[in-house]
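Report on the structure given below.
Please treat every number below as a calculation from the coordinates, not as lab data. Owing to the predicted nature of the structure, the values given are computational and were not obtained by experimental measurement. Don't worry about glycine lacking a Cβ; one is built from the backbone with ideal geometry, like all the others, and counts go over all protein chains shown.
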Amino acid sequence: MIMMHIGDVCDRDDDNDGLSDIGEVTWGTNPFLYDSDGDALGDGAEVFLYFTSPTAKDRDTDGYDDNVEISAGSNPNDALSIPGSSSGDVNGDTVVDVRGSFTATANCARAECGKRRSEITW
């Protein structure tokens, strides 16, 4: 006989993520972690709201974590749906992370440029 202790027997969801402790075992997630895969989405929300995987940060393997796609309005379950941004900085960390070609407008950094703007194409 195998005994498995999941946590407080009176609390059906020890980490309060919306996925019961038994559900956590079924999905292979950690019943003591709100977010088992570390993508800033609770396990319950991934299973019941976004239909993503609570054990994979990037469900569609397109290079963007599920939370980044959801925040940007793209579909985390479709590899062809990627976040877009006119600046190229999808997650606000000041690093350009959009792949592919696009045109962005950037301010000239030198003082003698005044108010001129230059077009930058990546």
Item checked: Positive-end extreme of charge dipole, the range 11-83 - chosen from Gly38, Trp27, Tyr64 (charges on Cβ) -> Tyr64
Checklist line | Dipole in debye (nearest 20) - the range 11-83, about Cα centre, beta carbon charges: Lys, Arg +1; Asp, Glu -1 | finding: 180
